[in-house]
Amino acid sequence: MAPTVPHPAGVNFVDEQQAQRIHVDAATYYGGGETFTRARTYSHAQLHGYNPRKVPAFDEDWHLRPRRLSHDEKGVTVSRRFLIDVEETIRVVLEQEDTDGDFQISVTDAGPKMMALGTATSNGFKTFDIRGTYMLSNLLQELALARDHNRKRIVLDEARLTENPVDRLSRMIRNSFWHSLTRRIDGDGLEIICSDPKNRTGRVNPRIYIPHREPAMVEYYRKVAKEKPHLNLDVQVLPEKPDDPMFVKSLNLKPGILALAMNEVDDGKGGRTLKGIPFIVPGARFNELYNWDSYFISLGLLVDGQVAMAKGMVDHFIFEIKHYGKILNGSRSYYLCRTQPPFLTDMALQIYNQLDRSDMDSNREWLKRAIRAAIKEYHTIWVAEPRMDPKSGLSRYRPDGLGIPPETEATHFTHILEPYAEKHGLSVLEFSERYNEGTIKEPELDEYFLHDRSVRESGHDTTYRFEKRCANLGTIDLQSLLFKYEVDIGTAIREVFDDELDLEEDFLLAPFPPTPETYKDKSKWERSTSRVQKSEEWFERAEWRRGVIDKYLWNEDKCLYFDYDTVQEKQILYESVTSFWPLWAGCASEEQCWQLVTNSLKKFEVLGGLVSGTEESRGKISLDRPNRQWDYPYAWPPHQIMTWVGLERYGYLDEAQRLAYRFLYMMTTAFVDFNGVVPEKFDAVKLSHLVDAEYGNQGIDFKMVPREGFGWMNAAYQVGLSFLTTHMRRAVAACTSPEVFFGAVANLEQPLLSTNMPATDPLSLAMENLTV
């Protein structure tokens, strides 16, 4: 029997023949103790530190390394592993490869893109080359994650560096990004959620606004302020009508987070306390609960099995409708007058269909709360004035509000305000203050900011489609969403609530069908509590809206839907990709769908998916007329997902898969070539996240490892993968260009295939964009 060889207590040795889970989250992979390999003699096992005889070679010495011989070949079943000193290797990687100093390894860095790492089987004495942007950026990410878990020395599987990029990105979204984007509004989560990059007042101490009818919440937060004096928490109670424009404007210099739904839980001391329901924020500068972002985020959460998280976000929307009168643009005080595109009914129904079937009574009660809230929002916001135009029957994005939106960058409106400031002989800052105070009256400026607030309520801020006219437009996207509301509410009442639904809250029911006469005399409007809701009424509303859409928004000659100007009483011929939203809602006929797909899809389809609008509609760009981020050539997740789902609904699965492939190819190549980046939006023509628009891009400012991605872009990837076949998924992972994968591109009559088309390989696109 061999003698026992002593070694320090707590040392874990790696069994090279024992299989282990490699593609797991960082906490599982790096959460154990330090590991060491078994050498032929334990004296060589470097138990007390990492001191290899050969450090990783770089700079001018890399070519002097002897050629690789036959040592350290991977076994048939054993993955190669590397023995790595975390801090030293981070230093070497950044010094050698990060030539632009942004703490990322990207395709535009000018390093040698090669590094030797010591193998675990040789205790770091023998080396193997790590080559290429993707492996090196993955190495940097893994080192950063190991550092997060306080690891000084790791044994790293090569398979984590060469991981299929589709699998890696999907895994990071599922296991890491959603977690990093999770917030909670309560005593434990206030410090994180109260951080607001949009706050320009200079005050950084947290402030929270509590609804008027929530005394338990007021008591809870005042107790938090007392128990945590270091927070300097300012607790304010809102008036009964918190969305009064004058009141909301008065909060501009006192911005704060708005309280959201909470659960009553055991406090661990025999009593009860409140705990915030967790939710997902978009990320970057958007550190609060958003309206339409949350819908698309919830789709990704459902794909990843996080039903409870998505359900909690609906609970917050129900709370907002009850206490703030609407689903808010975002859960900050300066958003109290604004909502965003309505998705609550579809969001609630999709979640309901995935709830645990063991307690159907509880599930039905939850859905009932959501549908009741949606009905209230429908009647008091979307078909009520000023958003409703009774003459045409079209609803509009038309929020209340006064003054200059305070959440924008300080110089965002300078070019608009300068002429007025000069007219009054004031600086822009002085004029802004007096205009906001109301001591200076400028009706034209009031009109401008009415439309600007409407653009922000539409979610499409900003675009030349809505420039100086948004508040007057009955848009195709909003009518489609309200048609879906009407169908969803009717379906839920009929299928889940036995064709009867009583309403508990008291509010006015908007007359149907709408006319200028019926809207003049509100004394004749019904109260919500006066009768039960029946499905027939809602299906009638949906069919009536379908007729209004066909009358005012469908253009037979151009085979496209257009927005309708309710003031000028004519269509606005801006070609928008939201023309495909009627397919998602189901309000287009089979003939209209065929015309859209056959004649109009090619106007928006480019190399990286669907652009927001056509180049012709956007017009020429110049110094005086800069790019807008919701115009050509930018591509956004909402437009992609809505079109994929709509095309599939009408049987055009091949087209849906092709578009999903294009967008996921663009996302994957950016992920591979730019250190794992997952941005807010893309230039879909140049396949670049380095966009040239008024707000730049979000989700790209990170060091070494991406932590969050961006909410709806994460969701688009997870949802998009559900559209791809196994063959498509493999091709995306290999970064196979759509032109190569789909073959006969010459038959696709698109602008992107012209002789002036830019280069399509990622490196050329990146370098071209940097030159610009």
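The values are calculated or read from the model by the stated rules, or taken from the named source; none is laboratory data. This structure is a prediction, so every number in the text was calculated from the model and none was measured. With ideal geometry, Cβ positions are generated from the backbone for all residues, glycine too; neighbour counts draw on all protein chains shown. Calculation scope for accessible area: heavy atoms of the full protein, side chains included, ligands and nucleic acids excluded. Shrake-Rupley method; radii C 1.70, N 1.55, O 1.52, S 1.80 Å.
Take the cross-link list Lys570/Lys620; Lys241/Lys368; Lys198/Lys620; Lys391/Lys520; Lys198/Lys223 and give me the ones stretching past 21 Å between alpha-carbons. Beyond 21 Å: Lys570/Lys620; Lys241/Lys368; Lys198/Lys620; Lys198/Lys223. Axis of helix 443-458 versus longest Cα principal axis of the chain: the two differ by about 50°, to the nearest ten degrees. Of the peptides 537-548, 701-712, the ranking by mean beta-carbon count within 10 Å, highest at the top, reads 701-712, 537-548. Under 12 Å of direct C-alpha separation, and excluding same-chain neighbours fewer than eight residues apart, Lys468 reaches these aspartates and glutamates: Glu444, Asp446, Glu447, Asp452, Asp565. Between helix 215-227 and the chain there is an angle of about 40 degrees, using the helix long axis and the longest principal axis of the Cα atoms. Mean sequence separation of contacting Cα pairs (under 8 Å, at least six apart), scaled by the length of segment 268-314, corresponds to a relative contact order of 37 percent. Surface composition of the chain: carbon and sulfur make up 50 percent of the accessible area, probe 1.4 Å. Among 355-366, 463-474, sorting by the average number of other beta carbon atoms lying within 10 angstrom of each residue, highest first, gives 463-474, 355-366.
Using a/c under 1.5 as the rounded threshold, could you call segment 563-653 rounded, prolate or oblate? The axes a ≥ b ≥ c are square roots of the C-alpha gyration tensor eigenvalues, and prolate needs a/b larger than b/c, oblate otherwise. Because a/c hits 1.5 or more and a/b fails to exceed b/c, segment 563-653 counts as oblate. Over the chain, Cα pairs under 8 Å with separation of 6+ residues give a relative contact order of 12 percent. With R₀ fixed at 60 Å, the C-beta to C-beta distance from Glu504 to Ile22 puts the FRET efficiency at about 0.70. Only one residue of Pro637, Val155, Ile440 has its Cα farthest out toward the positive end of the dipole of the chain, where Lys and Arg carry +1 and Asp and Glu -1 on Cβ, and that residue is Val155. With an a/c value of 1.5 or above and a/b larger than b/c for the gyration tensor axes a ≥ b ≥ c computed over the alpha-carbon atoms, segment 414-500 is described as prolate. The relative contact order of segment 399-498, computed from alpha carbon pairs under 8 Å that lie at least 6 residues apart in sequence, is 23 percent.
Consider the candidate values [x] 2, 10, 15, 16, 13, 10, 9, 9, 8, 5, 2, 0, 0, 0; [y] 3, 15, 25, 26, 17, 9, 4, 1, 0; [z] 2, 12, 21, 23, 19, 12, 6, 2, 1, 0, 0; state which one is P(r) over Cα pairs in 10 Å bins from 0, in percent computed from the structure displayed. Of the labelled values, this structure produces [z].
The solvent-accessible area of Lys570, taken with every protein chain present and a 1.4 Å probe, is close to 100 Å². Each residue, Glu590 and Thr99, gets one label point 7 Å from its Cα in the Cβ direction; the gap between the two is 5.9 nm.
Principal-axis analysis of the Cα atoms of the chain puts helix 637-649 at an angle of about 80° to the longest axis.
A simple count of charges around Glu240, restricted to other residues whose Cβ falls under 15 Å of its Cβ and scoring Lys, Arg +1 and Asp, Glu -1, yields -2. On a per residue basis, the chain carries 42 Å² of accessible surface, using protein heavy atoms and a 1.4 Å probe. Report the net charge of residues surrounding Ile371, where surrounding means a beta-carbon distance below 15 angstrom and charges are Lys +1, Arg +1, Asp -1, Glu -1. Computed value for this residue: -3. Within the full protein context, the accessible area of Asp243 is estimated at about 30 Å² for a probe radius of 1.4 Å.
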